[in-house]
Structure formats: structure tokens, C-alpha cells
1. Output the residues of the range B:54-100 meeting this criterion: accessible area (heavy atoms, 1.4 Å probe) in the chain alone minus accessible area with all protein chains in place is 50 Å² or greater.
2. Give me the residues in the range A:103-149 whose solvent-accessible area, probe 1.4 Å, is reduced by at least 10 Å² once all protein chains are included instead of the chain isolated.
3. Show me the GluC sites (Glu not before Pro) within the range A:463-545 that DSSP assigns to loop and that have at most 10 other Cβ atoms within 10 Å of their Cβ.
4. With a cap of 16 neighbouring Cβ atoms within 10 Å, and only residues DSSP puts in a loop, list the GluC sites (Glu not before Pro) found in the range A:367-413.
5. Could you work out the mean count of beta carbons from other protein chains within 10 Å of each residue's beta carbon in A:338-351?
6. With every protein chain kept in place and ligands, DNA and RNA left out, what is the accessible area per residue of the protein assembly as shown? Probe 1.4 Å, answer in Å².
7. Once you have the Kirkwood Rh of the range B:8-83 from its Cα pairs, apply Stokes-Einstein at 10 °C and 1.306 mPa s and quote D in µm²/s.
8. Please report, to two decimal places, log10 I(q)/I(0) for the protein assembly as shown at q = 0.08 Å⁻¹ as given by the Debye formula with identical point scatterers on the Cα atoms and no solvent.
Amino acid sequence: MKPEESATTGADLLVKALIDEEVEVVFGYPGGAVLPIYDSLFKQNRLRHILVRHEQAAVHAAEGYARSTGKVGVVLVTSGPGATNAVTGLTDALMDSVPIICLTGQVPTHLIGNDAFQEADTTGITRPCTKHNYLVKAVGDLARTVHEAFYVARSGRPGPVVIDLPKDVLMNKHDYTAPKKPVQHKSYRPQVKPELKKVEEAIELIGSAKRPVFYAGGGIVNAGPKASKLLTQFVHMTGYPITNTLMGLGTFPASDKQFLGMLGMHGTYEANLAMYHCDVMINIGARFDDRITGKLTEFSPKSKKIHVDIDPSSINKNVRVDLPIVGDAGHVLEDMIRVWKARQPKVDHKALKAWWAEIDKWRSRNCLAYKQDKETIKPQYALERLYHHIKNRDHYITTEVGQHQMWAAQFLKFEQPNRWMTSGGLGTMGYGFPSAMGVQIAHPDALVIDVAGEASIMMNIQELSTVAQYRLPVKIFILNNQYMGMVRQWQELLHGGRYSESYMESLPDFVKLAEAFGAVGLRCHDPAKLDDTIKQMIDIKKPVVVDVLVDKAENCFPMIPSGAAHYDMLLGPDDRAAKPVSEEGMVLV
Amino acid sequence: MSAPQTTSSHTISVLVDNEPGILARVVGLFSGRGYNIESLTVAETDAKENLSRITIVTAGTPMVIEQIKAQLDRLVPVHKVRDLTVEGPHIERELALVKVKGTGDKRVEALRLADVFRAKVIDAKTDSFVFEVTGTSDKVRTFVGLMEGLGLVELGRTGIVAMSRGGEAL
């Protein structure tokens, strides 16, 4: 170590490292163990700190920031409860592959293991819910660890990384080491470029397909905006139909005629039947989640499956595929387009025409139809009107979890990636509002709307205080049906209509609640006044909470009941008596 | 397409950074995802490079085994994952310490069988022996089985270490 003068404290060194990693914003909450870091933050003006009201919200805000920008989201929390409160957010980021760095305070190294005040075994607790984690035991390791952590978080399949920082490490002094570029990790080297031979095989298979379907997911979002452009280009070159997963919405323009809508449990009839009947499936950046496949033994039984994924452990996990390709979706698509152009495969246009005719027949079932009356607002109608008013504006959508989330996925159209932030894998109620804050921080002038349910919004409602403090004009669009809607729907379908604990008793007056936090509250229950309310919400340049009172009994259709196959869809309320859910299916969630 | 459902046992060698928490990562992966561990052996093998070698014997369907290997390989401090069972011939060895108490005929018979199994006596009292036996798990199991009838009182086993045959290194 060099003389004292040139050395900096661990905390200063950390801030320096964050700046070198091009971090602009940190979402956090102070506490005893991280006081040295907060002191360092106080003494500089390069890094902006956003003070949340709960650590879970800090992680979700960082997720929204990361998903809407493609950058790494950074979180700073204290030891013990600060770290344990962050666990839900970390798990959410792991499931949805969001790059996050979470800095957690820790008691001084000599107290670790002594059950000290606000001590928790943070690396132990977060081991299964992070991509990787570190406990920094010496200040000399700090800068290197931070740089390595950023590399791990953002490369390969992105994910959350925790760096646990004992207080003495933050106060000890050491010289700073700048990041080495390019980073060469000694063991972690994700495969980014695909094997060309496999891409050639894939093109052969794709070119010879008679009933093909593209199935694209969140991997395309993580591969960057260019990957979405390449996907669109390739799908247009082939003329094949494409469906998106919940996480992949926006990677292909929803208004395009080749788009079949979302697939899966609440996906469209045409998307799911295309998956069932296809002969070649081209999965790019999706992971055959159980919400997508339904009953595994009857999942797309007649198809040859190509699976492009950057994570080898996603391949053959749920569904055995015929042609796995490990690599970054962007690189693979680039190669696919090149090989396709070079080989000019003879597409069977006659077969393709027949396939599209069949798809159009399924489309004509109009599976998202609903009946709006003059009395009560249907949630689907509310979203259709919302979309009508925002579609020509620069907008970002986040959601909570439940019926409203599925309706948002069905009725809002996404034309480009990074515009849709939702908790897909973990299904975290309370995700949408803090996530919207993170999006708004990254895009101060954009229209950011959290489509919420009245139950979900209560889970992180304290963040109204944060949006007030930073004057974030986030809009919370609550579809209020006074029930945990999806729970109620399942109870209706599977548990004889016994609505056990799913009624939201004693809801607050959301208008007054908004006002109490310095936001604007609006309410609407009349379908005729809905448009005006939405316009008003958009025009107000402050945080707005809109309480839209919708039909309490509306269910989310189409629906593939758990354990059922793709052809066993329920298309509407009249459909369900004919198809009782099996006991086997009831065990599944 | 459905995969074959037959379960088979695989010996997997994993080269990892010898750092705190690495064993917890590997074991947590197995428990968290519901995989079996039949045997687990770990020790540092390269002090200069700070590497440890973990040998895991696990059982599962081909699809599960493939998952286990991919999941292990995905851990950041993991350098290499090799499935010795499928990658050509390999050798496996296990060591056991076997304490047998008894006198008279049983004691003599225990000593005679130890000789047959080439087990070494590493501790002896007038009424007890501790044998050290090395070999395949099958051999160790067979020896222990024989000792059960001859006064077995305590048993310690290392779990398997394994390596491929021939000149190629992991």
C-alpha cells in the first residue's frame, strides 16, 4: 500500500468504481452499516441517489431503470433488514434476467457471525436468488470485485449480483484500481457467438417448414434494440407468423400483420394453436416456461424445435428440442439473416399460404372479444381507451401482477422493446409502481404509466412519498375491481366460487390517498367519462393516481387452465362448464 | 418429444475456484432444484491456482443429468464440468475406515477377510481393529457388509474420487 495521502477509503473507492462503470443513478436507503458510503455520496455530484421508502422498491426501481435503458441498475441498502427486504426484488431480477448490482452493508468483519445488531448472513440468504454474490473481506479487493460484479451482471444471461460490504472495509484505505477492458474473467465466459454449422442447419429447417412459427422472448430484449430490429427483419424475410412471450412483447411490432399476439396461459387463440399445430418452431430467447407450454406431454407434439438461448441450462430443461443453438440472440439473428440471404431457401409458398389461411381462421374467433355496456367499465375497455390516448406519445408501461397485467399484455400494443416492464417469472405484486419510478428517472420526459390492480398497488404504496419528493410524474392507472382478481378468478373456476380472503376489504379512498402524498387523485366509474379522465391524467404534469372502478366479476380470457393443453383453451365464460379442470391440473399453480 | 425416463448414476468432476461459499453454491444448487447427491468429495487440488476439485455422484434421467451439468457450469466460480460416466473409461476410488470390535474366532475371521480385501490394519487393540480399505464403492460396500457380522462398530467413508483413464487431464 502507498502512503496514506494517495489512498482513499473503501467507501470513496466504491463511489469511484461506480462512476467508472458509468453508473448515473443509485436507488437506495441508508442505515448504520452503509453510513460511510452515504458520506461519500454526499461529497460528490456525479452519482445521483434516489431515496426510496422500502428496499424492495429500490430493487424494482433499479429493474425498471435497467429494463427501459439496457443499462445495469444499481441498488444500495444497509445490512440486516435492508438486505432481507431486497430479497424479493433480487429474486424477481433473477427470474426475469435483469442486470442489477445490489450493494449491501454488512457489520464489521470482526463481528461477522456474532449475531451483531442488524447482522444477516446476506451472502447465504442471497446465494440462490442472485446470479452471483460477493463478500468483500479486504479493502484491497473492493475495486476489482465491483468491476467483476458489473461484468457478471451484464454479460451472458444478465442477472442480479450482490456485493456485501462490511463497514470496516468501507472505512479502511487503499489505492484505487480502474477497470480493465476488455474484462477477462478467469472462469465465467458466456458463449455469445453461435456455432455457424448449427445456424446453417437451422436455416435449412426453417426454409423447409410448411407450418412454421417464431416464438420470441425476453432474450431479444436483453440482446439490445438491434436484436429486435434483426428479428423483425428476419421474420419479414421469411413471411412466417410470430408470437411473443410476456417478457418478449415489443421485440416485434404488435401492429404488424405477421404478429399473432402473446402466447401462453392468457395468450391468444391463434398464437397457442399455431404453437400446437406448427411443424417447425423457432424459439429465440424464450425458455419454455410452464405458463407457455401448458401440459408438457401435449406441447407442440408435431414440431421440430429450434431453441436459441444464451444460457445452456435453459436448453432441454422443460422441453426437449431438436436443434439447440447457444449464443446471444442478436448474434444468432445476424448469422441467420446472412445464411438465409446466401442460401435463398425455396420456401413452400403454397403450404405457407394454407398455414396462414388456417391461422386467419383461428384469428377470426376474435378471442379477446368482450362486451362493454353503458353501466360499468370493463377492464379491457379501460385499457383499450388508455392505449388509444397514449399510442402517439412517447410512453412506457409497467404493471403489477394479476388480471390487469394479463389484460395489459393483451390490449396494449408494443411496437418497440424496452417499453414494457412487468414481473414475469416471479410474479411479484408491488413490482409495477417502483419499477415505473425507475423508468421515469431514466426517461424524465416520457409518459410512464403503471397499470395496476387495487390489491397490488397496496404492496408498495409507500412509494407515493418517493414520487412526491422527486416530482416524478408517474401515472398509476388502477383497474379497481375490489378483488384480488386473478385469485378470485381461480377460486371461481377451481374452488366452487368460494372467495376465500380474496375480497379487498377496507380499501383506502385512492383519491384522498394520492392527495395526502401531494399527488393528484382521479376517479372514474362511468364508461362515458373514461376518455376525459384518461386525458386529464395524461395532461397533469404531476404524479396521478387514477382509480378506475371496473366490473368486479370480469374474468381474464382466453385461458388455458393449468395442466391443460393448448387446444383446450377457455375462450369465455360460456366455455368453461364443458371443460372442467382435472385434479392433476389443480395441483399446478 | 418425450425423453427416456430411466435413471442412471453419473460421476461428475467439477473444477472450481477454492473460495468461501463455493461448496454451499454447489450443494444449494442440488437441494434447491431437487437433484440427488449420492456422494460428494471436495478438496483443494491446485494451491498455486487456488483450485478445488469436487467429485459428485448423482442420479437422474438423461435430461436431469444434462440439466445438472449445465447448472453447475453456469455457476460463476466453476471452471470445468466433466461427466466421467459418459466421457470414456474412468476409474473411481473410495476409502473407508472400518472399526471392528470382538475377540476369538470373529476377530481372526475379520483379519483374514481384511487380508483378502487388501485392507490395512491401521489401529489395533486386543479387542478391536481399525481397517483402512480402498477401492470401488462396490468393494468397500462388500467389505463393510462382511464386517457387519464380525463386530462392526463404526464406519467412516470418504465418498468417491474419480478420474479418466489415459494421459488427458481435466
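1. B:MET63, B:GLU66, B:GLN67, B:ARG74, B:VAL76
2. A:ARG127, A:LYS131, A:HIS132, A:ASN133, A:LYS137
3. A:GLU501, A:GLU505
4. Sites meeting the loop and neighbour criteria: A:GLU375.
5. Taking the mean over all residues of the peptide, I get 0.
6. Dividing the accessible area of the protein assembly as shown by its residue count gives 43 Å².
7. Answer, rounded: 129 µm²/s.
8. -0.75
The values are calculated or read from the model by the stated rules, or taken from the named source; none is laboratory data. Here the structure is a predicted model, which is why all the values come from computation and not from measurement. No Cβ is skipped: glycine too gets one built from the backbone with ideal geometry, and neighbour counts run over all protein chains shown. The protein model used for the area step is the full one, side chains on, heavy atoms only, and it has no ligands, DNA or RNA in it. Shrake-Rupley method; radii C 1.70, N 1.55, O 1.52, S 1.80 Å.
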